[in-house]
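*Asks:* To start, I am sharing the structure in question, which I have written as structure tokens.
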Amino acid sequence: MTDEKEIKKPTAQRAPKKKKSEPKPDPIVESGFIPRIVVFACNWCSYAGADNAGVNRMQYSPHFRIIRTMCSGRVTPAFVLKAFELGADGVIVSGCHFGDCHYIFGNHRAVELFERTKKLIHVLGLEPERIRLEWVSAAEGPKWAELINDFTAAVAKLGRSPLADENRLNVLKEKQKMMNRRGEVVESPNAILVDEH
């Protein structure tokens, strides 16, 4: 005979459902001005640091374009000035810490070139806050995220670069649209791109 009492089976206790946290609003997007940031990153350390930040899903501003260079000492003033000419509002040059350079003296060369670049930027009438030289190693993902966030916020406060020619930017946008269309030839004196599918 079985007892008349019901035997209660233990039930697994479920953790209360977490409320989905809404993403924090981006103050840069809310202000209406999205800065164009160009980052020249050393292949061996800074680019790997950016990768580390991404792999670890660290939150940082998406308002930048990264250009991988073999060494920060390779980034000449001409590269930085070309970035500004093409519409960048701010430029970061990032490389290995002193003593960690794969090319031994590359980051020392980067300092020399950066000092020249700062002088040129001053002559052109740009604010010195629009360029920055930073050292980020492959293991410093959090430092990378902080660098990008801080620099993007600083450039957003400065506004559009006075060197950015809106007409030139519109022409570049139109060319980019043309290049993105499949099966069409881009008319350019320098190159002809044809989609051969």
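*Asks:* Considering region 54-76 alone, what residues qualify as being touching a residue at least 24 places away in the same chain (Cβ under 8 Å) and either within 15 Å of ASP150 (Cα to Cα) or touching a His at 6+ places or on another chain (Cβ under 9 Å) (or both)?
*Replies:* Across region 54-76, the qualifying residues are MET58, GLN59, TYR60, SER61, HIS63, PHE64, MET70, CYS71, GLY73.
*Asks:* Hey, another quick one. Looking only at residues in region 149-165 that are in a loop (DSSP other than H, G, I, E, B) and among the charged types (D, E, K, R), which one is farthest from the chain's Cα centre (by Cα)?
*Replies:* Of everything passing the filter in region 149-165, ASP165 is farthest from the chain's Cα centre (by Cα).
*Asks:* Also: Which ones in region 23-65 are modelled with pLDDT of 90 or more, buried (at least 17 other Cβ atoms within 10 Å of the Cβ) and β-branched (Val, Ile, Thr)?
*Replies:* ILE37, VAL38, VAL39
*Asks:* Further question: Name the residue, out of VAL91, VAL111, that is surrounded by 14 or more Cβ atoms within 10 Å (Cβ to Cβ), over 29 Å from ARG57 (Cβ atoms) and in contact (Cβ under 8 Å) with a residue 12 or more places away in the chain.
*Replies:* VAL111
*Asks:* Which residues, counting only those in region 127-158, are under 22 Å from LYS82 (Cα atoms) and polar (S, T, N, Q)?
*Replies:* THR152
The values are calculated or read from the model by the stated rules, or taken from the named source; none is laboratory data. The shown structure was predicted, so the numbers you read here are calculated from the model rather than taken from an experiment. Cβ atoms come from the backbone with ideal geometry, glycine included; neighbour counts cover every protein chain shown.
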